[in-house]
Amino acid sequence: MRPRTQALSAGAFNSQKTPCLIWIDPSQKLPLQLRETKSLHPKTHYMSLSHSWGPNPFIELRTENLDSFKNSIPFNKLTKTFKDATSITRVMGIEYLWIDSLCIIQKDPVDWAKESLTMGDVYTNSYCNIAATYAVDGTVGCFSERREIDISGLVINIPKRRGRNVSLFKSGHYAFRDKELWENEITHSPLLKRAWVYQERVLSPRILHFTERRLFFECQQSRTGEFFRSELEPTQQEKDDVWNLGDGMKEGLYAMLHEARSIEPVDDEAVFRRRLIAGVAWIYMVNNYSTCDL
């Protein structure tokens, strides 16, 4: 999907703001390794991960294991979410992945004070963000056992009637649609209830949501999913209406910001219009953020 803004061309890092990434060998012959980005090409693509930590302890980057992680990150000690994220990254044809607890030294106040300030840049410049949307902790992961009906939906075929028997319904194929699909699986998901994740969702140029039964995608222009894609696509009227945010938080928000940026402040009326739209976008973000768990 062609970007509205330059942000969507993201995928390259700033070595000063994204100092470490996890290298994933495409051949799967070599172990995961923590690599410093200052030695990589500036346009190297990388994926990022949004996940709920949960109460259960899991492997983290510490000062004492920093050198060993540069040689090998023990795959068998990773959570299911981390393992799934590496698989997704490899399938996407990308060799690098950023995970907060493995790329920022934990229990180190100095490193945390420095690295936490750059997390916005990390997600903004990622090629695509992997969201473990339905997982309450690392044991759940991104992948789950699914039924075919969850992906393809329920379709009933009513055949043509012969003779004098009259059918109550016209013959044909009828597909059942869940009008609240996005709201139920994305908006009210465990991951998006966390306030810390809000900036990750807003800033990431693209997001792959892994829910319990389906895969969803959203970017700055649209949202879609495996199940009844047409019902998730905004109508042309919604696309043209900058004030119609609906439940499509990301594309609605970016539509407003794009509209504000496109107004040249040539006179007082234009300045007022620009500030008004930007102000509404800010209120919208504050309202959404305030509904999350702090």
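Being among the polar types (S, T, N, Q) and at pLDDT below 85, is that true of even one residue in the stretch 168-190?
yes
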Taking the stretch 47-94 and keeping only residues that are farther than 25 Å from Phe143 by Cα, assigned to a helix (DSSP H, G or I) and touching a residue at least 24 places away in the same chain (Cβ under 8 Å), one is left with Thr63, Leu66, Phe69, Lys70, Asn71
In the stretch 2-18, is there at least one residue being open to solvent by less than 30 Å² (accessible area, probe 1.4 Å), outside any helix (DSSP H, G or I) and modelled with pLDDT of 95 or more?
no
Residue selected from the stretch 157-167 under the condition at pLDDT 75 or above and open to solvent by 70 Å² or more (accessible area, probe 1.4 Å), by the criterion farthest from the chain's Cα centre (by Cα):
Lys160
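Restricting to the stretch 46-60, and then to whatever is farther than 19 Å from Glu115 by Cβ and in contact with an Asp or Glu (Cβ under 8 Å, 6 or more places away or on another chain), can you tell me which residue is least open to solvent (accessible area, probe 1.4 Å)?
Only one residue tops the list, namely Ser52.
Here's the yes/no breakdown for (1) at pLDDT below 60; (2) aromatic (Phe, Trp, Tyr); (3) within 13 Å of the chain's Cα centre (by Cα):
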{"site": "Cys219", "(1), (2), (3)": "no, no, yes"}
{"site": "Glu233", "(1), (2), (3)": "yes, no, no"}
{"site": "Asp268", "(1), (2), (3)": "no, no, no"}
{"site": "Trp282", "(1), (2), (3)": "no, yes, no"}
In the stretch 19-40, residue modelled with the lowest pLDDT [restricted to those that are part of a loop (DSSP other than H, G, I, E, B) and among the aliphatic types (A, V, I, L, M)]
Leu40
Can you say whether Thr44 is under 18 Å from Arg206 (Cβ atoms), in a loop (DSSP other than H, G, I, E, B) and of a type in the set (S, T, N, Q), as far as the supplied structure shows?
yes
If the requirement is being at positive phi and either basic (Lys, Arg) or touching an Asp or Glu at 6+ places or on another chain (Cβ under 8 Å) (or both), which of these qualifies: Lys114, Lys107?
Lys107
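The values are calculated or read from the model by the stated rules, or taken from the named source; none is laboratory data. Note that the coordinates shown come from a computational prediction; the quantities given were computed from them, not determined experimentally. Cβ: placed from backbone, ideal geometry, glycine included. Neighbour counts: every protein chain shown. These area figures cover heavy atoms from the full protein model, side chains too; ligands, DNA and RNA do not enter into them. Shrake-Rupley method; radii C 1.70, N 1.55, O 1.52, S 1.80 Å.
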